[in-house]
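Structure first, commentary second.
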Amino acid sequence: MKKRILFTAAALVCAANLTAQCLGVGSSTSSMSPEEMAAAAKAGVKYVEIGISGRGTVAEIREKALHAKRMADEAGLKVWSCHLPFSRKLDISVLNDSARMANLEFLTEMIAICGEVGPEKLVLHPSSEPIADGEREQRIRNSIASIGILRREAARIGAQLCIEDLPRTCLGRNSAELLRIIAPYPEVKICFDTNHLLSEDLLHFVEACGDRIATVHVSDYDMVDERHWLPGKGKIDWPALYGALMKAGYKGVFMYELKRGEGSFGEMVAIYEKLASDAAKLE
């Protein structure tokens, strides 16, 4: 009887963990139309990530963001995250301190706009590129200092700041560097982009980062450069990666970030459901 109780308790814990880790499917809105959002919801997509445009006046950017929020609401989609704008110029690690502070002032305004949209997560790039080896250390320090400022703005709107891993010479190109960048701030988490690791095994990244991963950008690639393909088109071992995320305690949305026209919403949902179902069978 005691063994049966213990077994039942263990099974309930596993089931609870699995449920917590499978909030559902999300999609980056990019330039989705109202019809596309409705189609996404009909296919079973439940969440969206709204990209905040860095182009135009603050008022224009705000209106675009609120328009995307209204479309999501009308389609019955929940805003899980907002992606803060980025460019070579809009870089929180730039060496020129006056330029960096101007970027932080602009991003503070963007975070305030996000506060009207109501995301749970804010995705931020730790740098742009290219970054020369000789300036990398100072750029890392600048990024850390900038995140220290922006985390407070994220907290002000009730969102969690998540720093994204990036490819090539960008900062955060592996788990060790990204964990160093967020180390001073326990409340700052990671956005794990499955398409961006070019020098580290994805499973190692997930194991190293563990529960610091608070949101994801899902897409496949050839491991040569970022491609943002539909899972199954590239070289990622998706069952293994999904299992690693579950083991790490990931509790967020399975948020796709695919290039325009890559896969249908139905395919996105079907891929996720099969991964979740197959993983549940292994419990």
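Details
- Some residue of the range 221-244 being closer than 26 Å to Ile113 by Cα and either open to solvent by 10 Å² or more (accessible area, probe 1.4 Å) or touching a Pro at 6+ places or on another chain (Cβ under 9 Å) (or both): no
- All of Ser27, Ser93 fail the test of being of a type outside the set (D, E, K, R) and closer than 30 Å to Leu275 by Cβ, apart from Ser27.
- Subset tally (residues that are closer than 30 Å to Lys78 by Cα, β-branched (Val, Ile, Thr) and open to solvent by less than 30 Å² (accessible area, probe 1.4 Å)) for the range 91-114: 3
- Single residue of the range 29-67 satisfying the filter (β-branched (Val, Ile, Thr) and touching a helix residue (DSSP H, G or I) at 6+ places or on another chain (Cβ under 6 Å)) that is most open to solvent (accessible area, probe 1.4 Å): Val58
- Restricting Glu262, Glu200, Glu187, Glu257 to residues that are of a type in the set (Asp, Glu), touching a Leu at 6+ places or on another chain (Cβ under 9 Å) and closer than 30 Å to Ile149 by Cβ narrows the list to Glu187.
- Any hit, the range 115-125, residues being under 13 Å from Ile61 (Cβ atoms), open to solvent by 10 Å² or more (accessible area, probe 1.4 Å) and not hydrophobic (A, V, I, L, M, F, W, C): yes
- Selection within the range 226-268 - at pLDDT 95 or above, of a type in the set (D, E, K, R), in contact with a strand residue (DSSP E or B) (Cβ under 8 Å, 6 or more places away or on another chain) and farther than 21 Å from His204 by Cβ: Lys233, Glu257
- Summed over the range 37-86, residues that are more than 16 Å from Pro119 (Cα to Cα) and of a type outside the set (D, E, K, R) total 16.
- With a requirement of 2 or more residues that are modelled with pLDDT under 95, none of the strands (runs of 3 or more DSSP E) lying completely within the range 1-110 satisfies it.
- For the range 250-283, the set of residues classified as small (Gly, Ala, Ser) and open to solvent by 20 Å² or more (accessible area, probe 1.4 Å) consists of Gly261, Gly263, Ser264, Gly266, Ala270, Ser277, Ala280, listed by residue number.
- Flag if Ile113 is of a type in the set (Val, Ile, Thr), modelled with pLDDT of 95 or more and either over 19 Å from the mean Cα position of the chain (by Cα) or assigned to a loop (DSSP other than H, G, I, E, B) (or both): no
- Of Ile157, Ile144, Ile190, all but one fail to be crowded, with 16+ Cβ neighbours inside 10 Å and in contact with a Pro (Cβ under 8 Å, 6 or more places away or on another chain); the exception is Ile144.
- Qualifying residue in the range 174-181 (condition: assigned to a loop (DSSP other than H, G, I, E, B) and in contact (Cβ under 8 Å) with a residue 40 or more places away in the chain): no
The values are calculated or read from the model by the stated rules, or taken from the named source; none is laboratory data. The structure displayed is predicted, hence computed values, not measured ones. No Cβ is skipped: glycine too gets one built from the backbone with ideal geometry, and neighbour counts run over all protein chains shown. These accessible areas exclude ligands, DNA and RNA; they are computed on the full protein's heavy atoms, side chains included. Shrake-Rupley method; radii C 1.70, N 1.55, O 1.52, S 1.80 Å.
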